[in-house]
Structures are given as structure tokens and as C-alpha cells.
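Please read the structure below before turning to the comments.
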Amino acid sequence: MSGSNTQNRKGLFLRACRNEPVERVPVWIMRQAGRYLPEYQAVRQKHSFLEICKTPELAAEVSLQPFERLGVDAVIVFSDILIVAEAMGMSLAVPDSGPVLRKPIRDRAALKRLRAFDPHIATRFVGDAIRQICRAVGPDVPVIGFAAAPWTLACYMIEGKTRGEVTLSKGMLYAEPQLLRALLEKIADATALYLQAQIEAGAAAVQLFDTWAGELSRDEYIEFELPATQRVIQALRKSGVPIILYTKGTAHCLPSVAVTGADVLSVDWRVELDEMRRGVGPHIALQGNVDPRVLLTSPEIVAKAAHAAIAKTGGHGHILNLGHGILPQTPVENAQAFVKAAKEYALPATAGVADRGARQSAAS
């Protein structure tokens, strides 16, 4: 494959996840397989979104497109965070207007209808896609698996559909907190098994997406989402793979996010990476956090923004990414400029060494 004759990208990526010395900052893009790529649009003209998700050959094909076109350092499997909700027994449809879960969870009867599932059977297509991607890119490129964090998936399951409105979910939190806790625990257990199956299929890292975490106050996050997220991460800890946690709009509760147990914290553009590094300490790697709207400008502005993000961490335990998913109207040349900027940024010869020393001192 083109791009596969470069240095060991998996080693680079894993070292960054573990705050070890790196020769450059690795880079990938959230939602990198998608609508901004003409080759993805060509596939979508022939197949529905869910058909792509559930057909390993198609999922692998579109997962690999940004690796081929942009030269990113990691391939994230093409799927959807609501696959878990469907496997738990909810009916899922994904029209152009956005995903819809029928018969949302509003009471204990609906909660009881949710079922545990075997990811090796019910969602085997995800593992099969990961296996195909791993075979295509070989051992030197990391493949990333993913799922929704418990609160974010709960919001979709309670609302039925959402593009930011979580009124019913917050209503359950206020009026029926025990019901919400039970839902979060059930989601956490299913998610842990789902991600473990992805790891067994070959995922070198997994990412939890907590898109709606910012809708929680600091105390609400601590009381509801933190225990559920810790439940997922603790269940996966024995796998040994890095766990990335993306949270959006959580500048107000980052100290709590930092104790989830995640190896890498991925944040949006509202957070200053240098301040975050000082706040969470040297033992947690960071991912992000360029505003995706910057990629709507010019290659020169994109490169400047990428370099500014790297400069804030000095390349220590940093994976360059966006602060949210890439926008559909993004010019491909700007996405290429983002990746190129990371690869051309010269790091100090000691990048990552101070963090490693601090971690070793803490362990001794």
C-alpha cells in the first residue's frame, strides 16, 4: 500500500500515547473517513451508511481511504457509536437527517428490554473490518477501535435522536437518578465487551467518544459519568492497549476527566493544551485540538494552527488531531496540509524524555 513504506507508525503512535520519546508528533483526524473525501462519496452513492458499517469489506475500504490520501499515522475503523445501542436491542435507522433510535429508553420497562450481547456474534462485522484493515496496512500501522462513552450513548438512547438537545436525558438525571445510573452501568458493561472484541481483532488502541459530556456540570460528571467511564476503562486495563478519551466542552471538569484512568485525553479547541498539560501532569498524554473550522481556510493557515498546537506541548505525549470531527466541506488539500504540518514540525531532541523521567520517578 502507498504510505506503508514509512517508519513504524504504530511504534510512534504508541510511544506518544505512553509519553515516551518520539521523533515527531503522530497525527490522525477524527472522522477522517467520510464525506469530505470524493472516494467516500463514490462508495456512498452505491451503499447506505449502515450497509458500509456492517459490511467488513466496505468498512475496511473507507477506513483506508484517508490513510492512502492523507498519509495519517493511524487508521480508525469506520463504524458508528450507535451500533452498541442496536446490539442491545434498539431499532436503529440512519437517514440523511441523522440517526434515529426507535422506542427510546424513558422508564424501567424500556431499560429491562435492553439485552447483553456477544460482540463476537452481534457485532462481528466490526471485528472483521478491523482484521481486514490490519491485514491491509501490516504490523507497522496502528488501527484504532472506538465506542461512545456511557453518558453520550445514554443521551442518544434516551432522546431517540439528538444533535445537541439532551433535555430528556438531563430530566432523567434530575428526576430518576437511579434509573440513569442503571442505564449507564448497563451501557458501560456492554461497551467494555464491545471494545475488548475490537482489541482482540487487532486494534492497537481504542477511543471513547464523550461528545455530550460538556452538558454535565462538574458535580454531575463526578456523580454519573465518571464512575461509568471508569467502569469501562478498568475492564479494559488488562488488555494493555492505550485508551483514549475524547470529551467535548469539558474545560470545567477536566480534573475529573483526568482521573478516569484514560491514557490519553483528547479535548476540543476551547482548551489550551499547555495549561492542560500543567493541570493533569506528565503521566497522561494529550490529543488534539485544532478547531476543525481552521481546515476551511488555506493550507498556510492550517499549517500554522497545527504547529501552534504542537508548540504548546513541545511534542511531549501529544497526538495531533482536531478538537472535533473534520467538517464535510473541508477541502482535501487542507486536510493534507494538516497531516504534512505535523510530519514537518521539528521537535527538540529530548521530546518526551522529561515526561518519561517524571513517570519513572513516580513509579520508583
Check: With each run of n ≥ 4 DSSP H residues scored as -39500 (n - 2.57), what mean residue ellipticity at 222 nm is computed for the chain after dividing by its residue count and rounding to the nearest 500 deg cm²/dmol?
Finding: -14000 deg cm²/dmol
Next item on the list: Taking the Cα centre of the chain as origin, work out the dipole magnitude from +1 charges on Lys and Arg Cβ and -1 charges on Asp and Glu Cβ, in debye rounded to 20.
Entry: 380 debye
Check: Can you give me the relative contact order of the chain as a percent, contacts being Cα pairs under 8 Å and 6 or more apart?
Finding: 23 percent
Check: Which distance in nm do the two modelled labels at K46 and E272 give, with both placed 7 Å along the Cα-to-Cβ direction?
Finding: 5.0 nm
Item checked: Volume per residue that the Cα convex hull of the chain spans, once the total is divided by residue count, Å³ -> 124 Å³
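Using the Cα centre as the reference, give the magnitude of the dipole from point charges on the C-beta atoms of segment 100-162 (Lys, Arg: +1; Asp, Glu: -1; all else neutral), rounded to the nearest 20 debye. Before the final figure, lay out each step's value.
Working: 11 positive and 5 negative charges, 92 e Å.
About 440 debye.
D96 to H120: extension gain in nm, 0.36 nm per residue of separation minus the Cα-Cα distance?
Numbers: separation 24, 0.36 × 24 = 8.64 nm, distance 2.90 nm.
Contour length minus Cα-Cα distance gives 5.7 nm.
Cα convex hull of segment 163-308: how many Å³ per residue?
Working: hull volume 18.7 nm³, N = 146.
Dividing the Cα hull volume of segment 163-308 by its residue count gives 128 Å³.
Each reported figure results from applying straightforward, stated rules to the coordinates on display, with no laboratory input. Source: prediction; values computed, not measured. Note: ideal-geometry Cβ built from the backbone for every residue, glycine included; neighbour counts use all protein chains shown.
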